[in-house]
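Please read the structure below before turning to the comments.
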Amino acid sequence: QVQLVESGGGLVQPGGSLRLSCVASGTISSIYNMGWYRQAPGKQRELVAIITSSGRTNYAGSVKGRFTISRGNAKNTVYLQADSLKPEDTAVYYCNFRPVIGVDSWGKGTLVNVSS
């Protein structure tokens with residue numbers, strides 16, 4: 001089982017920036033993807049960005065060019081740099097750990113509120 005702890009959410013004005021962090025602990029396989037998903041009120045959870053063990057990244061069209069996902073040197077940490085934030089980015093952001101074999105793990109989420 002992998003435990004995930006997110007941090008870095010908060011209230012930010014439109015056009016501002018936030019950096020979300022997620023630290024994974026527990027039994028971590030050598031090959032896995034990590035990513036960020038978000039769920040806005042009344043909407044389904046959606047993919048924001050993922051990064052593979054080899055460093056390949058993929059982004060939702062709505063955040064491409066504004067958000068950047070990256071891994072820390074320890075490889076068990078993933079970051080999401082969110083720039084040029086818009087009110088529609090308001091959501092609870094969840095960290096995801098996806099091994100090649102096994103089940104996904106999810107963090108409890110961190111709230112990002114973009115409002116003036």
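The values are calculated or read from the model by the stated rules, or taken from the named source; none is laboratory data. What you are looking at is a predicted structure, and each value in this text was computed from that prediction instead of being measured. Ideal geometry is used to build each Cβ from the backbone, glycine not excepted, and the neighbour counts take in all protein chains shown. Heads up: the accessible areas ignore ligands, DNA and RNA and are worked out on the full protein's heavy atoms, side chains in. Shrake-Rupley method; radii C 1.70, N 1.55, O 1.52, S 1.80 Å.
Only one residue in Tyr32, Tyr37 is surrounded by 14 or more Cβ atoms within 10 Å (Cβ to Cβ), among the aromatic types (Phe, Trp, Tyr), touching a Cys at 6+ places or on another chain (Cβ under 9 Å) and within 17 Å of Pro99 (Cα to Cα). Which one?
On inspection, the qualifying residue turns out to be Tyr37.
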Mind listing whichever residues of region 46-67 are closer than 15 Å to Val112 by Cβ and surrounded by fewer than 17 Cβ atoms within 10 Å (Cβ to Cβ)? Glu46, Ala60, Ser62, Arg66
Starting from residues that are polar (S, T, N, Q), modelled with pLDDT of 95 or more and within 22 Å of Ser25 (Cβ to Cβ), keep the ones in region 70-104 and report whichever is least open to solvent (accessible area, probe 1.4 Å). Asn96
Give me a count of the residues in region 19-41 that are in a loop (DSSP other than H, G, I, E, B), within 24 Å of Ser62 (Cα to Cα) and either among the aliphatic types (A, V, I, L, M) or in contact with a Lys or Arg (Cβ under 7 Å, 6 or more places away or on another chain) (or both). 1
Residue pairs within 9 Å by beta carbon, gap of at least six or interchain, first lying in region 42-62 and on the phi > 0 side of the Ramachandran plot and assigned to a loop (DSSP other than H, G, I, E, B), second of a type outside the set (A, V, I, L, M) and surrounded by 13 or more Cβ atoms within 10 Å (Cβ to Cβ), listed first then second, are Gly55/Ser70; Gly55/Arg71
Among the residues of region 1-29, which ones are among the acidic types (Asp, Glu) and open to solvent by 30 Å² or more (accessible area, probe 1.4 Å)? none
Being touching a residue at least 60 places away in the same chain (Cβ under 8 Å) and more than 12 Å from the chain's Cα centre (by Cα) is the filter here, so list the residues in region 63-109 that pass it. Asp83, Ser84, Leu85, Lys86, Pro87, Arg98, Pro99, Val100, Ile101, Gly102, Ser105
